[in-house]
Amino acid sequence: MLDAVTITVSVASLLLAAWCGYATLRDQPTKDWHFIGMAVVTVLALVQTVVGVVKLAGGEKPHDGTVIFVAYLIGALCTIPAAAFMSLTERTRWGSAIVAAGGVILAVLEVRLFDIWGGISA
Amino acid sequence: MPETAPGVQRTGIGRGPGRLLLSLYGVFTVAALSRSIVQITLQFHEAPLAYVLSLVAGIVYAVITVALWRGGEAARKVALVSCSAELLGMLAVGTMTIADPSAFPDQTVWSDYGMGYLFLPVVVPVTGLLWLRRSGRQPQQPAQERTKARS
């Protein structure tokens, strides 16, 4: 269940990154639709946090330790909202570039989360 | 923050591409600081040098983030010095981790020239230095005058 959510978040965040990267190329700031996209990815990250916490509460142990796992869950949850905020303060193409970077960073965090939880076997 | 806003306007080091850099440095700050704090509190004896270096890296990143956010000529100089220190530290640690891996039983953010972080630790300070130099050369001219001056 957690792995499925992790993969979903990764794919969604890469799509968001590509979409906002395209806006950067076209010299456009982030628009309402982009923010809806960011909200969708954030909701997915929130689902992941809830699933992760439920798993921990159920007694399952992440491969690399609970502290690291929770830290990455929080990091993954905050990445896109932080990028969205920075994008609001920079209403140029560079605001779109920030969200694109945020999407890539979130995807990297998801890969790390996958490893920390224990990979495919867990 | 009303008193910092004019500073940002003045040299604009935190605007445009600078805002992207500022965001990246913010992420680096959080990543390096939280990582080193966790490692120092939980497993300091395992690789003390590596963890302290990660902490130093995090502090340098924090200084650059704040400097970019505040803007102004003084902040630009602070950022220039910090970016240079970051690049030198990164190259020194990168070389050390390859020359003498035994001194580093655990990874730092700067190990192997930042390979674990997609080489971003080496790309970002170079980009930062170029950006800070450029925005220092043309501090107050509006964009139109700049194009005229160039042609």
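Laboratory data are not the source of any read-out in this text; all were calculated from the coordinates shown. All values reported here derive from a predicted model rather than from experimental measurement. Note that we place each Cβ from the backbone using ideal geometry, even for glycine, and neighbour counts take in every protein chain shown.
Put simply, the amide H of B:Gly12, placed in the peptide plane, has neighbours under 5 Å in B:Gly72, leaving out anything fewer than 5 places away on its chain.
Taking a temperature of 10 °C and a viscosity of 1.306 mPa s, what whole-number D in µm²/s does Stokes-Einstein yield for chain A with Rh from Kirkwood over alpha carbon pairs? Rounded to a whole number, D works out at 110 µm²/s.
Note on the stretch B:7-139: Cα convex hull, mean projected area over all directions, 7.3 nm². The share of Cα pairs per 5 Å bin across the stretch A:43-110, counted from zero up to the longest distance, runs 4, 17, 23, 20, 14, 10, 7, 4, 2, 0 percent.
From least to most packed, judged by other beta carbons within 10 angstrom and beginning with the fewest, A:His34, A:His63 follow the order A:His63, A:His34. Ranking B:Pro101, B:Tyr51, B:Val78 by Cα position along the charge dipole of the stretch B:7-139, where only Lys, Arg, Asp and Glu carry charges on their C-beta atoms, puts B:Val78 farthest toward the positive end. The alpha carbons of the protein assembly as shown give a radius of gyration and a Dmax of 19.8, 68 Å, in that order. Across the options B:Leu21, A:Trp117, A:Val47, the greatest Cα extent toward the positive end of the charge dipole of the protein assembly as shown (unit charges at beta carbon of Lys, Arg, Asp, Glu) belongs to B:Leu21. Here the simple spin-label model places points 7 Å from the Cα toward Cβ, and for A:Gln28 and B:Leu118 these points are separated by 2.3 nm. Using Cα atoms only, what is the angle between the long axis of helix A:2-25 and the major principal axis of chain A, expressed in degrees (0 to 90) to the nearest 10? That works out to roughly 10 degrees. Between the alpha-carbon centres of the stretch A:56-96 and the stretch B:71-135 there is a gap of 23 Å. For the stretch A:51-122, the relative contact order works out to 43 percent when only alpha carbon pairs closer than 8 Å and six or more residues apart are counted.
Spin-label model, A:Phe35 to B:Leu130: label points 7 Å out along the Cα-to-beta-carbon direction sit 3.3 nm apart. Shielding value for B:17-26 is 6, the average number of Cβ atoms from other chains within 10 Å of each residue's Cβ.
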